[in-house]
Amino acid sequence: MTKSFRCNKYLICASTLMNDQRIIKQIQRGNVRAFAAIYDKYIEKIYRFVFLKVSTKENAEDLTSQIFIKTLNYLIEKTDKEIENLNAFLYQVARNTIADFYRQQGRAQEIQSIDQEELESLPDKEGQGLEKKVILNLDILQVKKALQKINPDYQEAIILYYLEEFSVGEISQIVNRTPGATRQIIHRGLESLRQILNSNEEHN
C-alpha cells in the first residue's frame, strides 16, 4: 500500500477531509464500491490500534473487519448524517467495538480516577518528540506487551497521541472527554508506560 500524502502534523489536512467527504457522499448515494477507498486508506491504522489493545492477531483481524462493516452500514443507513472527520469517526467505532468485545468476554475495563492535583500540562503536539522516539524505537510486540499492563484509558491515550499522532483536541472528541481531562490521561498513561518499560529493563 502506498503511503498517503502527509499534511502539516499540527493540522488536519483539508484536502484529506474533502476527499473523505466526496467518498462518503458517493456511498450514501448508493455507490458502495467507493468504500474500498476508505478501507485501503485506513485499514493499517485501525488494525494497529486494535492489535495493540487485544490479545491475539486473530481477534484484531476479526474486530477490524467488524469496525469497517459497521462503518459501511452506518454510511448506507444514515444517508442524512454528515461525518465531518472520518478518521476520528473510525476510531470512535473502533473503541466502541473493542469495548463491546471485552464486555462479551466478561472483562471489565476499569476507569481509574485522576487526581486533579497531579495535572501536568501537555502541549497539543509539540514537546512529545523524545517520548515518541522512545516508543517508536521499541519493537511493536514490546510496546503491545507493556500497554496491556496499564489502564485501558491510558492505552488509548498513548496509542492515539504518540503512535497515531492525533492532537489533544482530536483525541478528546474520540474519547468524549474535555481537552483538560484528555491531557491528564495522556500524562498518566505515559508515566504508567515508563514504569512498565523501566521495570522490564531492570529484569533483562
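The values are calculated or read from the model by the stated rules, or taken from the named source; none is laboratory data. Remember, predicted model here, so these are calculated numbers, not experimental data. Here Cβ is always computed from backbone atoms with ideal geometry, including for glycine, and neighbour counts include all displayed protein chains.
Only one residue in Ile76, Ile83 is surrounded by 11 or more Cβ atoms within 10 Å (Cβ to Cβ) and modelled with pLDDT under 90, so which one is that? First the steps, then the outcome.
Working: Ile76 fails: modelled with pLDDT under 90.
One residue alone meets the criteria, Ile83.
Checking the conditions here, which among Ser192, Ser199 is among the small types (Gly, Ala, Ser), at pLDDT below 85 and farther than 19 Å from Glu84 by Cα?
On the way: Ser192 fails: at pLDDT below 85.
Just a single option satisfies the conditions, and that option is Ser199.
So in region 48-90, with the set limited to residues that are aromatic (Phe, Trp, Tyr) and closer than 18 Å to Gln142 by Cα, which one is nearest to the chain's Cα centre (by Cα)?
Phe49
Collect the residues in region 48-86 that are free of Cβ contacts under 8 Å to residues at least 24 places away in the same chain, assigned to a helix (DSSP H, G or I) and basic (Lys, Arg), keeping them in residue-number order.
Hit for region 48-86 is Lys57, nothing else.
What number of residues within region 138-178 satisfy the criterion of being crowded, with 16+ Cβ neighbours inside 10 Å, outside any loop (DSSP other than H, G, I, E, B) and of a type outside the set (Ser, Thr, Tyr)?
19
Are any residues in region 26-56 among the β-branched types (Val, Ile, Thr) and more than 30 Å from Lys149 (Cβ to Cβ), and if so, which ones? Full working, then the answer.
To start, the set of residues in region 26-56 that are among the β-branched types (Val, Ile, Thr) comprises 27, 32, 38, 43, 46, 50, 54, 56.
Passing the criteria: Ile27, Val32, Ile38.
Which pairs turn up if I take residues in region 97-115 that are part of a helix (DSSP H, G or I) and look for partners that are modelled with pLDDT under 90 with beta carbon separation below 6 Å, at least 6 apart in sequence or on another chain?
Ile98/Lys53; Tyr102/Gln109
Between a first residue in region 32-44 that is closer than 19 Å to Thr79 by Cβ and a second residue that is among the polar types (S, T, N, Q), which pairs have beta carbons less than 6 Å apart while being 6 or more apart in sequence or on different chains?
Partner pairs satisfying both residue conditions: Ala34/Gln26.
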